[in-house]
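Colleague: Questions regarding the structure given below will be posed in turn.
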Amino acid sequence: LAGCMAERLKEEILHREKLVDVVAGPDAYRDLPRLLAVAESGQQAANVLLSLDETYADILPVQTSAGGTTAFVSIMRGCDNMCSYCIVPFTRGRERSRPIASILQEVRMLSDQGVKEVTLLGQNVNSFRDLSEVQFQSVAAPGLSRGFSTVYKAKAGGLRFSHLLDQVSRIDPEMRIRFTSPHPKDFPDEASVLQLIQERHNICKQLHLPAQSGSTRVLEAMRRGYTREAYLELVHHVRDSIPGVSLSSDFIAGFCGETEEDHLQTVSLLREVRYNVGFLFAYSMRQKTRAHHRLQDDVPADVKKRRLEQLIATFREEATRANAELVGQAQLVLVEGPSKRSASELCGRNDGNIKVIFPDTELEDAAEPGAPGRAQPGDYVMVKVTSASSQTLRGVPLCRTTLSRAAASH
């Protein structure tokens, strides 16, 4: 058993349940050869120590799906935010970032393999800080804008996320770049990140802004570092900076002490912002967290379920309205493969990361009129949207094209 759950449940797995031979925490993958050798000799083997500097920067993953169109690139590990509900700082340790040079090497390798979309991954990507070279260490610490705070002191030094995003987006003009998950508190000072998204045709106009709750009182109990008002101000700033941006978010229903009024404030936030994509969950207490030590998990399970269902219904209603605004528009879609429900249809995603389904028919190529052919995974296809639901767009394909050509024609 490997990963952060292995670290969290080590006692139960090794001693009480005696279920496995090898337990490797998220920072122990280099130790697997030794652990496996110990297990071969008939003993249980475990290493769940968390590291302050392990990022696996020099270990490039092997792409097992040949011809894959999308890939994920880990840019950092751990988190320093200590939100009261979150187990991540305890199972993955403190924040540490990969050197930019190693990230660029991996993205170049993926580009050479024909990958057309890369998502930069981290628990808190916009607090990325590359301290790998001495000259990077004199950079001033970023500030937070009005209404945002943090439980830890902002750290000086290091090349920031905006520098990484700039460099990654220059590698391949035909490769889309996404990133997740950022923390809302780290956006205001990173105006350059929003500017880059707006300027670069291959950085997707899509942002994940995890709100978690619409109630300032609950946000304070969660230790999120912002009020409802500050969050909404950020949303307006993002929409002003990136016209047509697609927004996604995370929400927790039934956090400790959440009242019906708090819940209804979350419902109203979903209505006010109108997200295109949402990830919604009922609260589940985790050992070791601040909430486990300091708060009561006092919202009954049936109330959590009802509130979650109301949040999901509200999200779907508003997402349907948001996506319906795209009907009649042409959207650039990166083809991922056949639709799961029909072999006669293709499926892909638009710039806003919304699934688009369209018929698999012969198509003209914008660069070579008169030479029709079928779209393949990894191709960009211009699709005119004809209908929308909360999670999917449907349309008719217009032509095959390229990312650069589509950007130039808009």
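Colleague: When the chain is fully extended, how far beyond the present Cα-Cα distance does Glu345 get from Glu12, taking 0.36 nm per residue of separation?
Modeller: My answer for the length gained is 115.2 nm.
Colleague: As a test, work out the antiparallel percent of DSSP beta bridges whose residues both lie in segment 70-325, rounded to the nearest 5.
Modeller: 20
Colleague: With r as the distance between the Cβ atoms of Ser41 and Val396 and R0 = 51 Å, compute the FRET efficiency 1/(1 + (r/R0)^6) and round to 0.05.
Modeller: 0.20
Colleague: Which value in Å is the Kirkwood Rh of the chain over different Cα pairs?
Modeller: Computed over the chain, the radius equals 23.2 Å.
Colleague: OK, next. Can you figure out the FRET efficiency of Arg294 with Glu229, using R₀ = 25 Å and their beta-carbon distance, to the nearest 0.05?
Modeller: For R0 = 25 Å, the calculated efficiency reads 0.50.
Colleague: Between Gln195 and Glu220, what length comes free when the chain is fully extended (0.36 nm per residue of separation minus the Cα-Cα distance, one decimal in nm)?
Modeller: Computed gain between Gln195 and Glu220 is 6.0 nm.
Colleague: For the chain, can you list the cysteines whose C-beta has no other cysteine C-beta under 4.7 Å from it?
Modeller: Cys4, Cys79, Cys204, Cys256, Cys347, Cys399
Colleague: On full extension of the chain, what length is gained from Ser404 through Gln113, given 0.36 nm per residue of separation minus the C-alpha to C-alpha distance?
Modeller: Using 0.36 nm per residue and subtracting the Cα-Cα distance, I get 102.9 nm.
Colleague: Still on this structure, please answer the following. Could you check which residue among Ala57, Ala37, Ala313 shows the biggest mean-square fluctuation in a GNM of the chain with a 10 Å Cα cutoff?
Modeller: Highest fluctuation of the listed residues: Ala37.
Colleague: For the chain, what is the mean residue ellipticity at 222 nm derived from helices alone (per DSSP H run of n ≥ 4: -39500 (n - 2.57); sum divided by total residues; nearest 500 deg cm²/dmol)?
Modeller: Theoretical 222 nm ellipticity from helices: -9000 deg cm²/dmol.
Colleague: For Lys384, put the label point 7 Å out on the Cα→Cβ axis and report which residues of segment 330-349 keep their amide N under 16 Å from it.
Modeller: The answer is 330-333.
Colleague: Quick check: with the 1.4 Å probe, what order do Thr119, Thr227 take by accessible area, largest first?
Modeller: Thr227, Thr119
Colleague: A further question on this structure: Please report how far the C-alpha centroid of segment 30-107 lies from that of segment 332-351, rounded to the nearest whole angstrom.
Modeller: When both Cα centres are located, 31 Å separates them.
Colleague: Now for a different question. Rounded to the nearest 5, what is the percent of antiparallel bridges among the DSSP beta bridges in segment 251-383?
Modeller: Percentage antiparallel, nearest 5: 85.
Colleague: Placing unit charges on C-beta atoms (Lys and Arg positive, Asp and Glu negative, everything else neutral), compute the dipole magnitude of segment 70-325 about its Cα centre in debye, rounded to 20.
Modeller: For segment 70-325, the charge dipole is close to 600 debye.
The values are calculated or read from the model by the stated rules, or taken from the named source; none is laboratory data. Here the structure is a predicted model, which means the values were calculated and not measured. Note: ideal-geometry Cβ built from the backbone for every residue, glycine included; neighbour counts use all protein chains shown. Quick note on the areas: whole protein, heavy atoms, side chains included, nothing else; ligands and nucleic acids left out. Shrake-Rupley method; radii C 1.70, N 1.55, O 1.52, S 1.80 Å.
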